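*Asks:* Take this structure first; my questions come after.
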Amino acid sequence: MAKKRDFLAITDFSTDELLALLDRAANLKAGMDKSKLTGKSLAMIFKKSSTRTRVSFEVAMTQLGGHAIFLSDRDSQIGRGETVSDTAGVLSRYVDAITIRTFAHAEVEELARHASVPVVNALSDLLHPCQVVADLQAVAEEFGSVTDCTVAWIGDGNNMANSWINAAYRLGFELRLACPAGYDPDPAILARAQKAGKVTLTRSPAEAAEGAHVVTTDVWASMGQEDEMAVRAKAFTGFVVDDALMALADERAIFLHCLPAHRGEEVSASVIDGPQSRIFDEAENRLHAQKAILLELME
C-alpha cells in the first residue's frame, strides 16, 4: 500500500511536483483533464470562517464526482474538546481525505500525524499554501511561467507571505518582501529561502515594487487580530498598494490579493478594481488548484 501524502506546506512538493501541479491545474481549468474522484469523500474541518476556501473545496469535490462534508466547531465534537488525534482516527475510518482551516499550525501537523488519510492545510496562522498555488497559477496564466517573474509582497509577514517565501524557495523566482518593523515573516522560513535563492526583506514598498511583475498584498489584520487593528494601521502607514506604487512595477505588472480586501487600507480601490487587477482570476483558480491537489493526494 502506498504511503499517504499530505499537503501542509508548498515545500511538501518538490520543484518538479509543484510545476506538474500547476500544469495539471491549468489542464483542469481548460477542461483537458477529465480525472474524477468518484465516490470519494472529503471531511472539511473549519475553525475559521470562510468564503473562497469552503466553496472552492466543496465545488471541487462535487465536480470531481466526490462529496465534501463541512464540519465547523459548532457542528462537531472537536469544538467540544475531542482531541485532534481522536478526531483524526475517527474521520480516517469514514473519509478519503481531510482538510483543515484553523489557527495553530501545530494542530494541522497533529491532525496529519494521526490521520491515515491525506490531510490538506486549508489555512493556518503560519501558512496558506492552497491560496499561493492558485496565485502561482494566475501568474503562469499571465506570463507563461512563474520561475522568471519577480514578485513583490507588500505588508504583513503573515501566512500568505510565508507561503510565497516557500514558493520562491521551491521555484527559484525573485521575491521581495516589504514589511514594517515588527511584522516580519517567520524567521526560519525566511532564512531557509534566503540561503537558497533570491528572497529579500526590506522596509521600503517602493524598493520591493521596482520593476516587479507581480505586486501582491493582504489585509493588515488577519482573522483573530481584529483587536490590533488600530496599532497595525499606524505601523502599516506607507504600505498601501496604490497607483503610485504600481507605477514603479513592470509595465505589464499584475496585482493580486487573496481576499477579502479592505479598499482604502492595504490597497486603493483604483488598483484592486483597475485593469492590472487579477483578483477574480486568482479566486477562480482556488477551484482548479485544489482539484489538482486533491487528485494528486487521493487518486
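*Asks:* Determine if the stretch 38-59 includes at least one residue that is among the small types (Gly, Ala, Ser) and free of Cβ contacts under 8 Å to residues at least 40 places away in the same chain.
*Replies:* Taking every residue of the stretch 38-59 in turn, at least one turns out to be among the small types (Gly, Ala, Ser) and free of Cβ contacts under 8 Å to residues at least 40 places away in the same chain.
*Asks:* Working only within the stretch 131-154, note down all residues that are over 13 Å from CYS258 (Cα atoms), crowded, with 22+ Cβ neighbours inside 10 Å and out of contact with any Leu (no Cβ under 9 Å at 6 or more places or on another chain).
*Replies:* CYS149
*Asks:* Can you find a residue in the stretch 75-86 that is buried (at least 18 other Cβ atoms within 10 Å of the Cβ), of a type in the set (Asp, Glu), farther than 23 Å from LYS4 by Cβ and out of contact with any Leu (no Cβ under 6 Å at 6 or more places or on another chain)?
*Replies:* Looking for residues that are buried (at least 18 other Cβ atoms within 10 Å of the Cβ), of a type in the set (Asp, Glu), farther than 23 Å from LYS4 by Cβ and out of contact with any Leu (no Cβ under 6 Å at 6 or more places or on another chain), one finds none in the stretch 75-86, hence no.
*Asks:* Checking the structure you have, find out if any residue of the stretch 222-245 is under 30 Å from ASN27 (Cα atoms), out of contact with any Ser or Thr (no Cβ under 6 Å at 6 or more places or on another chain) and not assigned by TED's automatic domain parsing to the domain that holds LEU19.
*Replies:* Checking the stretch 222-245: not a single residue is under 30 Å from ASN27 (Cα atoms), out of contact with any Ser or Thr (no Cβ under 6 Å at 6 or more places or on another chain) and not assigned by TED's automatic domain parsing to the domain that holds LEU19.
*Asks:* Further question: Of the conditions (1) small (Gly, Ala, Ser); (2) surrounded by fewer than 16 Cβ atoms within 10 Å (Cβ to Cβ); (3) outside the structural domain of PHE143 (by TED's automatic domain parsing), ALA269 satisfies every one except a single condition; which number is it?
*Replies:* Single failed check for ALA269: (3).
*Asks:* Continuing with this model, one more query. Which condition number does ALA88 fail, the rest of (1) among the hydrophobic types (A, V, I, L, M, F, W, C); (2) closer than 21 Å to ARG286 by Cβ; (3) touching a His at 6+ places or on another chain (Cβ under 7 Å) being met?
*Replies:* Of the numbered conditions (1) among the hydrophobic types (A, V, I, L, M, F, W, C); (2) closer than 21 Å to ARG286 by Cβ; (3) touching a His at 6+ places or on another chain (Cβ under 7 Å), the odd one out for ALA88 is (2).
*Asks:* Further question on the same structure: Can you name every residue in the stretch 93-114 that is farther than 20 Å from GLU58 by Cβ and over 15 Å from the mean Cα position of the chain (by Cα)?
*Replies:* Hits for the stretch 93-114 are ARG93, ALA104, ALA106, GLU107, GLU109, GLU110, ALA112, ARG113, HIS114.
*Asks:* Kindly provide the set of residues from the stretch 3-28 that are over 18 Å from the mean Cα position of the chain (by Cα) and surrounded by 14 or more Cβ atoms within 10 Å (Cβ to Cβ), ordered by number.
*Replies:* LYS4, ARG5, ASN27, LEU28 - these are the residues of the stretch 3-28 that are over 18 Å from the mean Cα position of the chain (by Cα) and surrounded by 14 or more Cβ atoms within 10 Å (Cβ to Cβ).
*Asks:* Taking the criterion of being surrounded by 24 or more Cβ atoms within 10 Å (Cβ to Cβ) and assigned by TED's automatic domain parsing to the domain that holds THR38, would at least one residue in the stretch 102-109 satisfy it?
*Replies:* Looking for residues that are surrounded by 24 or more Cβ atoms within 10 Å (Cβ to Cβ) and assigned by TED's automatic domain parsing to the domain that holds THR38, one finds at least one in the stretch 102-109, hence yes.
*Asks:* Check off (1) in a strand (DSSP E or B); (2) on the phi > 0 side of the Ramachandran plot for GLY65 and give me the number that stays unchecked.
*Replies:* Evaluating GLY65 over (1) in a strand (DSSP E or B); (2) on the phi > 0 side of the Ramachandran plot leaves (1) as the failure.
*Asks:* State whether the residues of the stretch 274-284 include one that is touching an Asp or Glu at 6+ places or on another chain (Cβ under 8 Å), assigned to a loop (DSSP other than H, G, I, E, B) and buried (at least 18 other Cβ atoms within 10 Å of the Cβ).
*Replies:* Within the stretch 274-284 (the criterion being touching an Asp or Glu at 6+ places or on another chain (Cβ under 8 Å), assigned to a loop (DSSP other than H, G, I, E, B) and buried (at least 18 other Cβ atoms within 10 Å of the Cβ)), the answer is yes, since at least one residue qualifies.
*Asks:* Somewhere in the stretch 22-36, is a residue assigned to a loop (DSSP other than H, G, I, E, B), more than 22 Å from ASN166 (Cβ to Cβ) and hydrophobic (A, V, I, L, M, F, W, C)?
*Replies:* Within the stretch 22-36 (the criterion being assigned to a loop (DSSP other than H, G, I, E, B), more than 22 Å from ASN166 (Cβ to Cβ) and hydrophobic (A, V, I, L, M, F, W, C)), the answer is yes, since at least one residue qualifies.
*Asks:* Can you tell me which residue within the stretch 20-37, out of those that are of a type in the set (A, V, I, L, M) and touching a residue at least 24 places away in the same chain (Cβ under 8 Å), is farthest from VAL146 (Cα to Cα)?
*Replies:* This residue is LEU37.
*Asks:* If only one of SER35, SER56, SER50 is buried (at least 19 other Cβ atoms within 10 Å of the Cβ), among the hydroxyl-bearing types (Ser, Thr, Tyr) and not assigned by TED's automatic domain parsing to the domain that holds ALA140, which one is it?
*Replies:* Checking each option against the conditions leaves just SER56.
The values are calculated or read from the model by the stated rules, or taken from the named source; none is laboratory data. Because the structure is a prediction, the values reported are computed rather than measured. So basically every Cβ, Gly included, is an ideal-geometry build from the backbone, and we count neighbours across all protein chains shown.
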